[in-house]
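Chemist: Have a look at the structure that comes next, please.
FYI, it's all coordinate maths here, none of it is from the lab. If you're wondering where the values come from, they're calculated on a predicted model, not measured in any experiment. Quick reminder, even Gly has a Cβ in these numbers, built from the backbone with ideal geometry, and neighbours come from all protein chains shown.
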Amino acid sequence: MEKEEKYTLSEFDEYIRQGEPESSQKARNWQTAIGLQAVDGLKPSKYLIETARLHIEGEIDIDTAKELLHSYYESKTRRTAQDNETEEADKVSANITQLLGTSTLSFNTNGYISVHRHIFDGVFKFAGQIRDYNITKKEWVLCGDTVSYLNHTDLRSALDYDIEQEKLFDYSGLQMPEVVQHIARFVSGLWQIHPFGEGNTRTTAVFTIQYLRSIGFNINNDLFEQHSWYFRNALVRANYKNAKKGIMYNFSFIELFLRNLLMNENNELKNRYMLINTKQVQDEHRTSTEQVRDKLSAESIEILRLINVLGTERLSVKQMMEALSLKGRDNFLKLYLSPAIKDGCVNSVYPDRPNHPRQQYFLTVKGVAIYNENRNTNI
């Protein structure tokens, strides 16, 4: 079986370095669009990269690129789970690239909804539809807890209010740090509404890019390309409060991201810095982690290997197996994943729906403690 070629963020650098404005901008748009798929653990196909190159080089326009992708997936007679993931990544990347290639923006609720509709056209049946149910999502950065997303009955009114307030806001006289603080709160509030069933972070990111351009910022989208998961986790931390644990809303992480974006700073953007209660996690499990090899028997070496692979990531079964160089799914589930879940080291994003097509796994508080203790160990 031919090994799947993986996309790297330097794939289009040659076009950016050439200095030709049109091809350079197209390449940047594709890189940003593809990089944003990482918020849901998605990676594009080799076919998308080849199609994107044709568009960047001016051989085809973006509409033709989208038609080629549609035909490519329509022609597949046998489909795998990986095909479903790459189809979403490919089509959404093309849709985002098309949006980033335009300078128009309707700065209102319908405009925000239309961004979602355009991004997920041909991918989700509910593209551009506000959800009519409530949601929760287990977050790695919250050690499995969830943000309190808005009730489905209040979604449109909340969007109307937040966007209207931003439309009326006067930026005159503000210093750039104050501008960043305000934008951080606007973007965080918009994301917390979470009006759609899926795709909220990608919609927020594209809407933010378009909005910042519309108010005069000539931004480089590389940060969204390279740090899309940080962007999402920063929004999670900005919208999470747990009084019992002494955790308050924390806008500092999204502000660091925006300071890099708008002020050309070079703040370090590390996902692990956002993990809640890291000191508390280590203190609570100090006894067990100091003697982790005694606590986890020789038969549990597989759990340790899986913990080291997951680390600070959210991964699918396929991604974990690839990282471990394993081929047998049944053996992986039996020897690695199931014992790790049973031992309380690993949890899933959709615990009640183990076969969810977007299922991913992350470390629990216990798993994080063991990972921190053994991150420099070769197991």
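Chemist: Between region 96-122 and region 337-363, what is the separation of their alpha carbon centroids in Å?
Modeler: Comparing the Cα centres of region 96-122 and region 337-363, I get a distance of 33 Å.
Chemist: Go through 216-228, 326-338, 192-204, 109-121 and give me the packing order, highest mean Cβ count within 10 Å leading.
Modeler: Final packing ranking: 192-204, 109-121, 216-228, 326-338.
Chemist: Still on this model: Using a Gaussian network model on the chain with a 10 Å cutoff between Cα atoms, which of T77, T64, T32 fluctuates the most?
Modeler: Top of the fluctuation ranking is T77.
Chemist: A further question follows. Once the cut-off is 24 Å, how many percent of the Cα-Cα pairs in region 103-275 end up in the long-distance tail?
Modeler: Considering region 103-275, 35 percent of its Cα-Cα pairs are separated by more than 24 Å.
Chemist: Then there's this: If I model the chain as equal point scatterers sitting on the Cα atoms and use the Debye formula, what is log10 I(q)/I(0) at q = 0.07, 0.09 Å⁻¹?
Modeler: -0.33, -0.56
Chemist: For region 29-183, what class follows from the C-alpha gyration tensor (a ≥ b ≥ c being the square roots of its eigenvalues): rounded when a/c is under 1.5, otherwise prolate if a/b is larger than b/c, else oblate?
Modeler: Prolate is the answer for region 29-183, as a/c is 1.5 or above and a/b outweighs b/c.
Chemist: Using the Karplus curve 6.51 cos²θ - 1.76 cosθ + 1.60 with θ = phi - 60°, what ³J(HN,Hα) values do you get for each residue of region 29-35, in whole Hz, with x for Gly and Pro?
Modeler: Ordered by residue, 3J(HN,Hα) equals 5, 5, 4, 5, 4, 6, x Hz.
Chemist: Also: List, in the order given, every pair from K76/K318; K138/K241; K91/K125; K66/K91; K327/K366; K138/K270 whose Cα-Cα distance in the structure shown is over 18 Å.
Modeler: Check vs 18 Å cut-off fails for K76/K318; K327/K366; K138/K270.
Chemist: In nm², what is the average projected area of the convex hull enclosing the Cα atoms of region 1-102?
Modeler: 6.6 nm²
Chemist: Here's another thing I want to ask about it. Mind jotting down the distance between the C-alpha centroids of region 18-83 and region 167-233, whole Å?
Modeler: 24 Å
Chemist: Another question, then. Return the sequence-ordered ³J(HN,Hα) values of region 100-114 in whole Hz as given by the Karplus equation 6.51 cos²θ - 1.76 cosθ + 1.60 applied to θ = phi - 60°, using x for Gly and Pro.
Modeler: For region 100-114, the Karplus-derived couplings read 5, x, 10, 10, 8, 8, 8, 8, 7, 4, 5, x, 5, 5, 5 Hz, x marking Gly and Pro.
Chemist: Non-local amide H neighbours of F126 (under 5 Å, H modeled in plane, Pro and chain starts lacking H): which ones?
Modeler: Residues meeting the criterion, in which the H sits 1.01 Å from N, do not exist here.
Chemist: Quick one: what are the phi-derived ³J(HN,Hα) couplings along region 262-270, Karplus 6.51/-1.76/1.60 with θ = phi - 60°, whole Hz, x for glycine and proline?
Modeler: For region 262-270, the Karplus curve yields 9, 10, 6, 7, 10, 5, 6, 10, 10 Hz.
Chemist: With a 10 Å radius around each residue's Cβ, average the other Cβ atoms per peptide and rank 301-310, 88-97, highest first.
Modeler: Going by the mean number of other Cβ atoms within 10 Å, highest first, we get 88-97, 301-310.
Chemist: Let me ask something additional. Hey, which aspartates and glutamates would be in cross-link range of K137, C-alpha to C-alpha under 15 Å, not counting anything within fewer than 8 residues on its own chain?
Modeler: D40, D145, E198, D352
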